[in-house]
Structures are given as structure tokens and as C-alpha cells.
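Taking it in order: structure first as C-alpha cells, then the write-up.
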Amino acid sequence: MTKSYRHGQILKLIRSKNIHTQEELARELERLGIRTTQVTLSRDIRELGLAKTPDGYRQIALEPGRPSLAAIAPEFLQDVRIAQNLVVLKTSPANAAPLAAAIDQENWPEVVGTIAGDDTVLVISSDKRAAEAVRKKMMRYLAVLG
């Protein structure tokens, strides 16, 4: 198990559950088959930019230098199409990757992952209902354009 994988699982846990202590986090990780020491967990929390809030640990620090979805979607997004549990986003040339990264940064529960080409982003959702929720969120950015 790599550090990167452990970090990903920690982020997934704190986004899906209210975890208030390192002990709770360690128990949840162990349920996933990830054993860690308190020292390692403390370092992970610091490196991930997590902070304790009334709702448990939350990621406060976002990756520096990455524009937000609200900042780039109105500029790059040209079309939104849905196909079962997939949402296809069309962008201007060379702008799919920044849009996909901004969507990933949002950590929407409906999004399993994204794949970016040159002018197309494929957003993968768990089911058709989740894809429709993503489509509606993205359509709001197109409404801003009009």
C-alpha cells in the first residue's frame, strides 16, 4: 500500500463520514485493510491540509495554482450531454484537462472520476441519477454564459 493510496482513502473517508478523532480515522482505515501508526496518521493529516471542524476533519488547503470550477467552466464549457451514467462535456480545444481537474477538485459525490482528452471530458458517475445531477450542475455554468 502506497502513501498516495492511503491519502486517497483518508480523503474519501472524511468526505463520506464525520470523523472527529485520529482514533476514529485509524479504525476506519483498518476496516479498509490499512494499518497505520499514530505518527504516520498525524503526518498524513498535516500533508493533506486537514483541519478539525465541528463536523469532523475537513480538507482546508486546496492544491495551489488550480483555478476553481466556477472560474473556468463559464469560459471553457461549450456543451453537456448525458449517456446513461456518463456525462460528456465539450470544451474549446486544449481546455478539457483543466476543466476535468477543476471538477475533480470539487469532490462531488456524484462523480466517480473524470477522463480528459483535448476538447472532451468524460465524467463517470455511479448511475444514471448521479449523472443527471452532474448534468444539472454543469448546465448552471452554461446558463451563466447566456
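FYI, it's all coordinate maths here, none of it is from the lab. Being a predicted model, the structure only gives us computed values, none of them experimental. Methodologically, a virtual Cβ is constructed for each residue, glycine included, from the backbone with ideal geometry; neighbour enumeration extends over all protein chains shown.
For K136, the aspartates and glutamates whose Cα comes closer than 19 Å to its Cα, not counting residues fewer than 8 places off in the same chain, are E75, D79, D104, E106, E110, D127.
Under the criterion of Cα pairs below 8 Å and six or more residues apart, the relative contact order for region 17-77 equals 30 percent. Cross-link partners of K17 among lysines, defined as those whose alpha carbon lies under 20 angstrom from its own and excluding same-chain residues fewer than eight positions apart: K52.
Between A83 and T53, the distance separating the two model label sites (each 7 Å from Cα on the Cα→Cβ line) works out to 3.6 nm. What you get for the chain, charging only the Cβ of Lys and Arg (+1) and of Asp and Glu (-1), is a dipole of about 320 debye around the Cα centre. Per-residue ellipticity at 222 nm from helix content only, as computed over the chain with -39500 (n - 2.57) for each DSSP H run of at least four residues, stands at -15000 deg cm²/dmol. Simple rule: put +1 on each Lys or Arg Cβ and -1 on each Asp or Glu Cβ in the chain, find the dipole, and look at S126, L41, A97; the Cα lying farthest toward the positive end is L41.
Fully extending the segment from R43 to A70, taken as 0.36 nm per residue of separation minus the present Cα-Cα distance, adds 6.6 nm. Projecting label points 7 angstrom from Cα along Cα→Cβ for S16 and D118 puts them 3.7 nm apart. Using 0.36 nm per residue and subtracting the Cα-Cα separation, the extra length available between R27 and K128 on full extension is 33.1 nm.
The orientation-averaged shadow of the Cα convex hull for the chain, equal to a quarter of the hull surface, comes to 9.7 nm².
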